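> Below is one structure. I have some questions about it.
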Amino acid sequence: MSHILTLVASDQSPKLSNRHFDKITNICSHHAVQTIGDQIKWLEESKAGQISINNDAPMALIKELREALAHDKIDFFSISKKFKPSLIVADMESTIIPNEILDDLAEIYGIGEKIKEITERGMQGEIDFTESLRSRVALLAGTTEEDLQLKRDSLKPNPGAPEFIRTLGKDGITSALITGGFTFFSEKIANDCGFDHHHANILDIIDGKLSGQIIDPILDKDAKAHYMNQYLKKLGLTADNAIAIGDGANDLPMLEKAGLGIGYHPKPAVKQAVKNCILHGDLTVTLYALGYTKDRFVKPLKKRSF
């Protein structure tokens, strides 16, 4: 089945040129993946371009292309020509926003290193996600609602996130923010980026302070794939119509099930398992990979200043 191979230069890249496409064409041929025709479709001159290939890129080819393009910090995607997305599900922390919120709160209370260690072990898949989450929240018992609100107000999306979600939304693609984080924060981020829905865990707050508990049920790594399946069923779609994006091991079930799973600046476990990864650029890389030109990007809403 023919695929589209898209190259996207990052802000740190030199200009994308024919030489980059010549390089990847030669590498592809060594893996029995051939280009179809010799025309580059430029989505944005010197920034993003596409060529057709006669088959999907195997993981061995993906790894070689990553190495070949790493020096110039160029991202690439291989997507079937038949892929038609109708649903996007996204992780929040370290994907749609740069933060790991519990880590940030821990810094305020002087227990940053202890909680970061637990977070990292969970993201790498070394310990169970639910165990990691409960342990970190327990350490933050007593955190004031005022501090939570200050953290909430300071959160900003990663570069390209609002354009990414709002552009897909304009074309009728349903979006859901599904996170092992917390509704206290996901509500704001979903609104800022234009998500249609959001799902997250609920913090137990008593008398204006965290009790150190999470209200059941816990949204774990399986919950993300579960919610994706629920939306697919509700919309009358199959997994082939879904885009899923995340960065950590707890995102793998939904990334591996979706028609297009994307690792965003991924942890090693995700980078090894998922073919399509954004390693250098921002979230608009995916828009280029889906064939969008920059004039079709929806600009983020500007907040009023009083």
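> May I ask you to verify whether Thr95 is of a type outside the set (A, V, I, L, M), under 30 Å from Thr143 (Cβ atoms) and surrounded by 15 or more Cβ atoms within 10 Å (Cβ to Cβ)?
Against the criterion (of a type outside the set (A, V, I, L, M), under 30 Å from Thr143 (Cβ atoms) and surrounded by 15 or more Cβ atoms within 10 Å (Cβ to Cβ)), Thr95 qualifies.
> From the list Ala70, Ala60, Ala48, exactly one residue is of a type in the set (Gly, Ala, Ser), assigned by TED's automatic domain parsing to the domain that holds Leu16 and either touching a Phe, Trp or Tyr at 6+ places or on another chain (Cβ under 8 Å) or under 25 Å from Ile165 (Cα atoms) (or both). Which is it?
Of the residues listed, the single one that is of a type in the set (Gly, Ala, Ser), assigned by TED's automatic domain parsing to the domain that holds Leu16 and either touching a Phe, Trp or Tyr at 6+ places or on another chain (Cβ under 8 Å) or under 25 Å from Ile165 (Cα atoms) (or both) is Ala48.
> Look through Lys224, Lys188, Lys170 and report the one residue that is basic (Lys, Arg), in contact with a helix residue (DSSP H, G or I) (Cβ under 6 Å, 6 or more places away or on another chain) and within 16 Å of Leu87 (Cβ to Cβ). Explain how you work it out, then say what you get.
Numbers: Lys188 fails: within 16 Å of Leu87 (Cβ to Cβ); Lys170 fails: in contact with a helix residue (DSSP H, G or I) (Cβ under 6 Å, 6 or more places away or on another chain).
Within the list Lys224, Lys188, Lys170, the selection yields Lys224.
> Would you pick out the residues in the stretch 7-54 that are assigned to a strand (DSSP E or B), of a type in the set (Asp, Glu) and modelled with pLDDT under 95?
Asp38
> Do we find a residue being within 28 Å of Phe195 (Cα to Cα), surrounded by 15 or more Cβ atoms within 10 Å (Cβ to Cβ) and touching a residue at least 60 places away in the same chain (Cβ under 8 Å) anywhere in the stretch 34-44?
Yes; the residues of the stretch 34-44 include at least one that is within 28 Å of Phe195 (Cα to Cα), surrounded by 15 or more Cβ atoms within 10 Å (Cβ to Cβ) and touching a residue at least 60 places away in the same chain (Cβ under 8 Å).
> Please specify each residue of the stretch 101-144 satisfying the condition of being in contact with an Asp or Glu (Cβ under 6 Å, 6 or more places away or on another chain) and free of Cβ contacts under 8 Å to residues at least 24 places away in the same chain.
Lys116, Thr119
> Being among the aliphatic types (A, V, I, L, M) and within 15 Å of Thr130 (Cβ to Cβ) narrows it down to one residue among Ala223, Ala239; which is it?
One residue alone meets the criteria, Ala223.
> Working only within the stretch 242-298, note down all residues that are of a type in the set (S, T, N, Q) and surrounded by fewer than 24 Cβ atoms within 10 Å (Cβ to Cβ).
Gln272, Asn276, Thr284, Thr293
> Pick out the one residue from Gly236, Gly259, Gly263 that is outside the structural domain of Thr119 (by TED's automatic domain parsing) and touching a residue at least 60 places away in the same chain (Cβ under 8 Å).
Gly259
> Could you list, in sequence order, all residues of the stretch 48-73 that are surrounded by fewer than 18 Cβ atoms within 10 Å (Cβ to Cβ), charged (D, E, K, R) and in contact (Cβ under 8 Å) with a residue 24 or more places away in the chain?
Once the filter is applied, which keeps residues that are surrounded by fewer than 18 Cβ atoms within 10 Å (Cβ to Cβ), charged (D, E, K, R) and in contact (Cβ under 8 Å) with a residue 24 or more places away in the chain, the stretch 48-73 yields Asp56, Glu64, Arg66, Lys73.
> Taking only the stretch 76-121 into account, find how many residues are among the acidic types (Asp, Glu), farther than 21 Å from Ser154 by Cα and outside any helix (DSSP H, G or I).
Qualifying residue count for the region: 0.
> Of all the residues that make up the stretch 227-278, how many are part of a helix (DSSP H, G or I) and hydrophobic (A, V, I, L, M, F, W, C)?
11
> Provide a single number: the residues in the stretch 145-156 that are in contact (Cβ under 8 Å) with a residue 40 or more places away in the chain, assigned to a helix (DSSP H, G or I) and surrounded by 14 or more Cβ atoms within 10 Å (Cβ to Cβ).
Number of matching residues: 4.
> One residue is enough: does the stretch 207-221 have a residue meeting the conditions within 22 Å of Glu120 (Cα to Cα), free of Cβ contacts under 8 Å to residues at least 40 places away in the same chain and in a helix (DSSP H, G or I)?
Checked against the condition, which is being within 22 Å of Glu120 (Cα to Cα), free of Cβ contacts under 8 Å to residues at least 40 places away in the same chain and in a helix (DSSP H, G or I), the stretch 207-221 yields no hits at all.
The values are calculated or read from the model by the stated rules, or taken from the named source; none is laboratory data. Bear in mind the structure is a predicted one, so any value in this text is a computation, not a measurement. All Cβ positions, even for glycine, are placed from backbone atoms using ideal geometry, and neighbour counts span all protein chains on display.
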